[in-house]
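Derivation of every value follows stated rules applied to the coordinates shown; laboratory data play no part. Predicted model only: the values in this text are computed from it and were never measured. Neighbour counts are summed over all protein chains in view; Cβ atoms, including those assigned to glycine, are modelled from backbone coordinates with ideal geometry.
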């Protein structure tokens, strides 16, 4: 059985990456040219779904306004899907300006986020135009793009027209390599007579062939056109119709996008099962060996690795033969991660993409929602891979700390109760991780180290050396850092990390933000920690100068955690220093 699993999974992986592209090259023919006839004087509606697009919406409308189609026969519809920023307002202001130039722009502002499929279904169903163009706000096209697309519709069998995607020149090397490969595969699929999907940044369709999207469709730019193909429509790929992506993806955005695509790839196997129709053998073959097989690729890669490893451990020669090329591939991926400016980055990007796709597919199979959302534009300190590794380390350490120190909780609780009146635990509101749209607040949990009336007269103030508010037991707990053990609950809940900047109290936050440059950025995309580089180096805060020094250490720590290995190394080093502080009683 293990032999069969290893051979089948490894064979399918090899076929998808080597055999299928070779088969496409053998089947592909030069792409057909569009009809020479000029585009008919037809009515066209352009739909631009938008979610939190205030930075790009005006530029997008101006780009669409440059299209060389008669304005009397053109309408633009901005579909704001629960936007809470200024997208709708800015779109209306630009619409008024364009109306003076004779261009109709309609802004539909849905108060709640319903998902891209729902807003597209409603909008297309209400149109009267003969042709519909769907476009992303983050993309741009040349003035003749619409003219090029419409020329194909002189053939009444054509129902969908897509173009060639051009990635932003500022994109990461791995993303550029990915889209270079995807553009070539799409060209070969179209040349083989079986184009698979379009790029959602800009594509046109004949409304008479349109079929409503399923409400929960994830990869709408594949499901919508391919269900039209399954119903009998033909699709054209125009290589001269270039769609440019204006905004490069950050690492976190790319991880989430690939995860969403992985979930969508699994879903579309079921939603587009009509493409398996043997009456259209080329489409069935390309869909089965390309898109459908790719949806299961994360699982196949895992099965191939585990089965090959199992055989190798049993001493079977087959295991070693199958494991060797896999080890080479993963080794090249690791080298690509260490040297992202080399061609090896394609291997690391592919490995990370399959990992993200696997997570997304698992989420969909488990019934967890995978919603369409615009991601924050700003880059964060921690890469997606490092964030996952850091979170895994947090969970292991928090559970381990509970297991090791559980016997200490009862004597500590008893000592606190005997030493002073009041509760054993102390809960206090703290400022947590910051994102582009919000700041998290959470209640930090500690063993109580001060009298219950410590701030009844003074209000929130920093502690000091020989602070009279600290109890006798509290002084010992602070020196050994044992007072912070209950924060493991905060770590398990996801409020905190084991290592990170100190979480500050809201009462101090505004003052520190005004007094210390870049204070706010210290927890941007980074959870506060039980311990940290600043904490083990400088101890507790007694005044604003102590905080000023700690901010430098917080930013120094952030610079160390750009990838998985440096992140884990930094965290483990700080944890060892923390153990030393606890053992030697160097806390304060």
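Taken over the range 269-311, the ratio of Cα radius of gyration to 2.2 N^0.38 Å equals 1.50. Per residue, the chain reaches -15500 deg cm²/dmol at 222 nm when only DSSP H runs of four or more residues are counted, each adding -39500 (n - 2.57). Using the Cα gyration tensor of the range 31-248, with a ≥ b ≥ c the square roots of its eigenvalues, what is the shape: rounded (a/c below 1.5), prolate (a/b larger than b/c) or oblate (neither)? Rounded shape, in that the Cα axes give a/c under 1.5. Using the average count of surrounding beta-carbon atoms within 10 Å as a protection proxy, the listed peptides 327-340, 184-197 rank, highest first, as 184-197, 327-340.
Over the range 384-584, with a single point scatterer placed on each C-alpha, what log10 of the ratio I(q)/I(0) does the Debye formula yield at q = 0.09, 0.19 1/Å? Scattering profile of the range 384-584, log10 relative to I(0): -0.33, -1.58.
Roughly speaking, what % of Cα-Cα pairs in the range 140-263 are separated by over 26 Å, rounded to a whole number? Taking all Cα-Cα pairs of the range 140-263, the fraction more than 26 Å apart is 21 percent. Bridges between two residues of the range 384-584, per DSSP, are antiparallel at a rate of about 75%.
Pairs of alpha-carbon atoms within less than 8 angstrom and 6+ residues apart define the contacts here; what relative contact order does the chain have, in percent? Worked out over the chain, it gives 12 percent. Here the chain carries DSSP beta bridges of which approximately 40% are antiparallel, counting only pairs with both residues inside. Counting beta carbons within 10 Å around each of 12, 224 and listing the fewest first gives the order 12, 224. Among 203, 165, the order by Cβ neighbours within 10 angstrom, fewest to most, reads 165, 203.
For the range 194-340, the equivalent ellipsoid built from the Cα gyration tensor has semi-axes of 35, 21, 14 Å, listed from largest to smallest. Sorted on the mean count of surrounding Cβ atoms within 10 Å across their residues, most packed first, peptides 25-35, 204-214 read 204-214, 25-35. Give me the angle, in degrees from 0 to 90, between the Cα long axis of helix 345-365 and the longest principal axis of the Cα atoms of the chain, rounded to the nearest 10. Relative to the chain, helix 345-365 is tipped by roughly 90 degrees. Translational diffusion coefficient of the chain (Stokes-Einstein, Kirkwood radius from Cα pairs, 20 °C, 1.002 mPa s): 78 µm²/s.
Annotation: extensible slack from residue 507 through residue 208 equals 101.5 nm (criterion: 0.36 nm per residue apart, minus Cα-Cα distance). Of 1, 226, the sequence from fewest to most neighbouring Cβ atoms within 10 angstrom is 1, 226.
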